[in-house]
Amino acid sequence: MRWRGNRKSSNVEDRRSMRVSGIGGVGGGGMLRLLPVVFKFLGFKGTAILVVCVGAYGLLTGNLGNMLAGLGLQQGTTASTSVEPLRETAEEKELVDFVSVVLADTEDTWNTLFRQKGKTYQEPRLVLFRDAVKSACGMAQSAMGPFYCPGDQQVYIDLGFYDQLKNRFKAPGDFAQAYVIAHEVGHHIQTLEGTSSKVHAARNKLSKAEGNKLAVRQELQADCLAGVWANHANSTRELLEAGDVEEGLTAASAIGDDTLQKQSQGYVSPDSFTHGSSAQRVKWFKIGLASGDMDSCDTFNNI
């Protein structure tokens with residue numbers, strides 16, 4: 001991506017120097033307190049699968065509260081924070097610049113597209129954190145992956161996730177990293193448009209399997225909206241370089257529910273899909289990329 005030297009967003013909040021301890025959760029102790037109990041009943045292999053599934057479920061999710069509810073967990077709110085001196089490598093410092101530029105570019109795209117529809121775009125904030133963070137949706141740990149919280153309209157990301165994207169999910173490259181941010185901003189668009197609240201209300205009236213199907217449609221729309229951003233980033237500002245689209249498609253494919261389930265449990269369970277298959281994610285990202293039109297992202301009537 002041709003991102004260096006471009007405008008940086010003023011909507012980035014750096015909490016990497018903040019340390020959160022005493023995270024509430026199941027029984028007041030969070031996932032870490034739950035693990036010894038899970039280990040006792042599931043054994044090492046079962047516990048490992050659960051941890052992988054938590055991370056996979058949270059990967060590029062739209063709502064932290066929905067994620068935990070789907071796992072049958074509740075997030076507590078008891079936590080304390082402390083501030084430590086910020087230590088960062090040169091590579092991490094460059095990543096901070098990178099995500100700030102990508103966020104700024106999404107702002108340029110969505111401000112323009114909303115204005116064309118006679119609307120005003122409300123820019124989200126992006127919060128950088130390490131290990132754990134407190135949001136309006138509850139407490140979150142890095143293992144849950146990047147997420148968007150509708151409650152405070154903020155995107156949260158631990159930059160260490162990009163190492164996982166490259167090494168664990170085999171999706172390297174700066175455009176793959178940008179796709180992650182664009183997807184979460186897609187969930188912000190859904191919040192502004194009222195889609196997220198409608199999905200949440202509808203899921204409360206559905207069975208778990210039917211609710212999951214609705215969640216898939218929401219996630220695929222966010223993928224499509226990420227493609228819409230990529231279209232405008234390229235056609236208007238020429239950010240994309242050779243191979244960038246392939247990086248985005250690789251990332252979309254790597255985090256499909258079927259791919260993640262095969263890795264974590266050895267088989268695929270379509271009824272438990274919450275984000276869509278690899279093929280579906282690639283398809284809808286490509287639809288947004290080809291059209292550049294958010295109206296093309298009607299995953300709720302076309303899938």
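Observations
- Residue pairs whose Cβ atoms lie under 6 Å apart, sitting 6 or more positions apart in sequence or on different chains, and linking a residue in the range 154-182 that is in contact (Cβ under 8 Å) with a residue 12 or more places away in the chain and more than 13 Å from PHE129 (Cα to Cα) to a partner that is part of a helix (DSSP H, G or I) and aromatic (Phe, Trp, Tyr), are GLN177/TYR162; ALA182/TRP229.
For (1) within 26 Å of LYS170 (Cβ to Cβ); (2) surrounded by fewer than 22 Cβ atoms within 10 Å (Cβ to Cβ), each residue gets a yes or a no:
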| position | (1), (2) |
| --- | --- |
| GLU193 | no, yes |
| SER207 | no, yes |
| ASN212 | yes, yes |
| ALA226 | yes, no |
| ALA233 | yes, no |
| LEU240 | yes, yes |
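- In the range 218-268, residue modelled with the highest pLDDT [restricted to those that are of a type in the set (A, V, I, L, M, F, W, C) and farther than 30 Å from ARG4 by Cα]: LEU260
- Residue within the range 158-177 that is out of contact with any Phe, Trp or Tyr (no Cβ under 9 Å at 6 or more places or on another chain) and within 20 Å of TYR121 (Cβ to Cβ) present: no
- Condition check for THR191: at pLDDT below 90, touching a helix residue (DSSP H, G or I) at 6+ places or on another chain (Cβ under 8 Å) and not in a loop (DSSP other than H, G, I, E, B): no
- Out of GLU123, GLU184, sole residue that is acidic (Asp, Glu) and either in contact with a strand residue (DSSP E or B) (Cβ under 9 Å, 6 or more places away or on another chain) or closer than 20 Å to TRP284 by Cα (or both): GLU184
- Look at (1) over 19 Å from LEU95 (Cβ atoms); (2) assigned to a helix (DSSP H, G or I) and you find that THR120 fails only one, number (2).
- TYR148 falls short on exactly one of the conditions (1) modelled with pLDDT under 90; (2) among the hydroxyl-bearing types (Ser, Thr, Tyr); (3) touching a helix residue (DSSP H, G or I) at 6+ places or on another chain (Cβ under 8 Å), and that condition is (1).
- Among the residues of the range 269-279, none qualifies, meaning not one is at pLDDT 90 or above and farther than 19 Å from HIS187 by Cβ.
- Test: LEU220 is touching a residue at least 60 places away in the same chain (Cβ under 8 Å) and not in a helix (DSSP H, G or I): no
- Only one entry of VAL127, VAL99 meets the criterion of being at pLDDT 95 or above and closer than 26 Å to SER253 by Cβ, and that entry is VAL99.
- Residue list for the range 91-109, restricted to those being among the aliphatic types (A, V, I, L, M) and farther than 12 Å from LEU128 by Cβ: VAL101, VAL102, ALA104
The values are calculated or read from the model by the stated rules, or taken from the named source; none is laboratory data. What you are looking at is a predicted structure, and each value in this text was computed from that prediction instead of being measured. Cβ sites come from the backbone with ideal geometry, for glycine too, and all protein chains shown count toward neighbours.
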